[in-house]
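Below is one structure, written out as structure tokens; the observations come after it.
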Amino acid sequence: MTVLCNDPAAFADEALEGFVAAHAGRVRRVRGGVVRSAATPRGQVALVVGGGSGHYPAFAGWVGPGLAHGAACGNLFASPSAAQVASVARASEAGGGVILSFGNYAGDVLHFGQAAVRLRAEGLDVRVLAVTDDIASAPPESHGLRRGTAGDLVAFKVMGAAAERGLGIDEVERLGRRAVAATRSLGVAFGGCTLPGAAGPLFTVAPGRMALGLGIHGEPGIEERELASADAVADLLVDRLLAERPPWHVGYGEDRVAVLVNGLGETKYDELFLVHRRVAARLAAHGLRAVDPEVGELVTSMDMAGLSLTLAFLDDELAELWQAPADSPAYRKGIVEPRRDRTDDLETYAAPSPVAAGTEPSRSAATRLVAALGAIREAVAGAEERLGRLDAVAGDGDHGIGMRRGAESAATAGAEAAAAGAGAMTTLVLAGEAWSERAGGTSGALWGAMLTAFGAALGDEAAPGREQLAAGARAAVAAVTDLGGAAPGDKTLVDAAVPFAETLTRALAEGERLAAAWESAASAATRAAEATAAVPARIGRARVHGERGIGTPDPGAVSFALIVTALTEEF
């Protein structure tokens with residue numbers, strides 16, 4: 001259990017603050033994460049990695065020469081926002097382009113993807129690479145749908161070494177994709193992790209049992225079986241991973257593998273070495289030679305009891321880059337030549353959005369929107385525990401926490417914008433940016449996009465009327481479907497959002513008063529959210545445990561219905 005804590009909401013930020021204080025000679029703080037203290041040679045490709053906090057040494061611990069140039073760090077188990085990723089990327093870029101790399105989770109895909117769009121608009125050459133090594137999360141034919149776990153380190157190490165050698169962005173990206181294609185991981189848990197301030201773990205494993213195929217965000221395993229000996233656990237993991245040995249590695253004289261025995265937070269080094277003893281023997285029996293094996297905590301999950309095994313099937317290129325020197329706070333190999341410190345002002349890379357003044361009618365509407373954002377904040381705060389419980393069934397249990405953080409930040413940012421003279425559009429756009437940045441994760445990206453799209457439909461000029469509100473609702477739903485790719489029936493927020501927008505548009509077109517139309521639309525959203533209990537998840541992180549969620553409504557759909565219902569009184 002996570003015992004030491006001040007304010008649970010500030011845990012990730014304060015931990016990162018302490019990490020930077022402990023490694024001030026290696027990393028520097030920037031909005032959204034950390035970057036190298038050392039200057040990067042001009043023209044070198046910049047590798048920016050990242051994801052949620054709670055996985056140390058991933059991701060901040062891997063920033064340094066031979067590895068990453070920067071790490072974007074989100075809240076606990078929640079992806080960093082697009083603004084945070086973009087900030088870290090700007091502070092890392094040295095004229096050779098940027099590669100954004102992360103584990104393949106819906107929130108990370110959304111936020112890093114949005115950051116790439118922003119950075120490309122600024123003239124940067126940006127590539128995006130998601131790591132997909134977890135064999136438990138999708139079958140071999142759907143390799144691109146798999147989660148990223150401890151295999152992150154292999155891909156990051158290969159790309160960091162390639163960049164250090166001065167290779168161009170096309171070549172660094174190619175090698176990164178080859179590393180991802182060559183890497184397989186599988187984990188087993190003996191107990192779930194506990195988030196700071198939580199009363200209990202995100203999932204439990206019965207005494208004498210173990211969960212196979214867990215996720216590093218506290219997702220439960222895909223199956224449970226009887227607790228086995230260390231050798232039997234090693235055999236299970238080795239057999240499953242070798243069954244997916246790439247065809248190009250079999251029968252072509254290739255015998256090298258990178259081996260990572262990774263502790264998830266509570267399982268101690270002696271236990272990990274015990275497992276590695278058997279892993280090494282099994283690999284040798286198969287004629288495979290371990291190259292620079294790593295045994296220890298590499299990608300953790302707070303205090304989760306368990307471990308994972310990663311095998312990366314190496315060729316000449318990958319083996320050379322895997323063994324190349326690196327010097328970061330948590331990962332060092334070989335000798336890296338000293339280099340001068342950077343002296344630029346890191347504050348210049350955050351690029352905060354300016355507050356544009358609106359007309360008097362639009363400023364008046366902004367005041368009403370601030371009240372609406374306050375109502376959202378109160379509704380979400382009251383439902384935080386319930387939303388977390390719903391999310392823990394097939395996810396990581398952080399939906400309530402993320403929604404509360406996002407709603408609080410949006411309400412504060414909206415109020416500050418309106419006080420500075422912003423109109424309706426600017427107020428919602430800045431509220432959306434704040435929601436996205438503070439909440440992180442999939443819900444942060446989606447609610448940030450919805451508020452931004454809704455605001456764009458209102459504008460900063462005239463007072464919004466019935467038509468603008470209906471257009472805003474449709475634009476918000478379109479932003480979600482475009483960004484996340486979900487459709488009705490996938491068991492997501494979209495299941496509630498689509499009937500809401502359709503009902504509101506139809507009712508207003510038929511001449512209903514706004515208050516009545518909004519109430520009807522909110523009721524439609526609530527019914528649709530409740531109906532998601534009958535279907536399995538088909539997209540996003542919950543997809544891996546889709547059947548487990550039958551009988552429980554989707555937390556994203558429930559929170560959407562909760563919010564639009566709370567806004568009924570505002571209209």
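The values are calculated or read from the model by the stated rules, or taken from the named source; none is laboratory data. Because the structure is a prediction, the values reported are computed rather than measured. Glycine gets a Cβ as well: all are built from the backbone with ideal geometry, and neighbour counts include every protein chain shown.
So which helices (runs of 4 or more DSSP H) are wholly in region 358-475 and hold at least 3 residues that are over 30 Å from His217 (Cβ atoms) and of a type outside the set (Val, Ile, Thr)? Hits in region 358-475: 360-394, 399-419, 441-458. Residues that are modelled with pLDDT of 90 or more and part of a loop (DSSP other than H, G, I, E, B) do not occur anywhere in region 533-542. Give me the residue from region 149-179 that is basic (Lys, Arg) and within 27 Å of Leu309 (Cβ to Cβ) and, out of that set, surrounded by the most Cβ atoms within 10 Å (Cβ to Cβ). In this case the residue turns out to be Lys157. A residue that is under 19 Å from the mean Cα position of the chain (by Cα), outside the structural domain of Leu214 (by TED's automatic domain parsing), modelled with pLDDT of 90 or more and within 25 Å of Thr492 (Cα to Cα) can be found somewhere in region 413-432. Kindly indicate whether Gly444 is more than 30 Å from Pro536 (Cα to Cα) and not assigned by TED's automatic domain parsing to the domain that holds Gly51. So Gly444 does not fit the description; no. Taking Thr526 as the residue in question, decide whether it is more than 33 Å from the chain's Cα centre (by Cα), among the hydroxyl-bearing types (Ser, Thr, Tyr) and in the same structural domain as Ala561 (by TED's automatic domain parsing). Taking the combined requirement at face value, the residue does not satisfy it.
Considering Ala413, Ala375, Ala356, the condition of being under 28 Å from Leu430 (Cα atoms), buried (at least 23 other Cβ atoms within 10 Å of the Cβ) and either touching a Ser or Thr at 6+ places or on another chain (Cβ under 8 Å) or not charged (D, E, K, R) (or both) is satisfied by Ala413 alone. For region 241-280, what are the residues that are buried (at least 17 other Cβ atoms within 10 Å of the Cβ), basic (Lys, Arg) and closer than 26 Å to Cys193 by Cβ? Arg278, the sole residue that qualifies.
Restricting Ala230, Ala258 to those that are touching a Leu at 6+ places or on another chain (Cβ under 7 Å) and farther than 24 Å from Thr204 by Cβ reduces the list to Ala258. Close Cβ contacts (under 8 Å, 6 or more residues apart or on different chains) running from residues in region 141-163 that are without any contact (Cβ under 8 Å) to a residue 12 or more places away in the chain and within 24 Å of Gly263 (Cα to Cα) to residues that are of a type outside the set (Lys, Arg) and outside any helix (DSSP H, G or I) are absent. When Asp495 is tested against (1) modelled with pLDDT under 90; (2) of a type in the set (Asp, Glu); (3) crowded, with 24+ Cβ neighbours inside 10 Å, only condition (1) is not met. Say we look at region 429-482 and pick out the residues that are closer than 30 Å to Gly511 by Cα and in contact with a Pro (Cβ under 7 Å, 6 or more places away or on another chain); which of these is surrounded by the fewest Cβ atoms within 10 Å (Cβ to Cβ)? This residue is Ala462.
In the set Gly296, Gly218, only one residue is under 30 Å from Asp398 (Cβ atoms) and either touching a residue at least 60 places away in the same chain (Cβ under 8 Å) or not assigned by TED's automatic domain parsing to the domain that holds Phe203 (or both); that residue is Gly218.
Among residues of region 77-94 that are basic (Lys, Arg), those with a beta-carbon under 8 Å from a residue that is outside any loop (DSSP other than H, G, I, E, B) at least six positions away or on a different chain give the pairs Arg90/Leu119; Arg90/Tyr349.
Among the criteria (1) closer than 20 Å to Glu244 by Cα; (2) of a type outside the set (Lys, Arg); (3) surrounded by fewer than 20 Cβ atoms within 10 Å (Cβ to Cβ); (4) at pLDDT 95 or above, the one Gly287 does not fulfil is (4).
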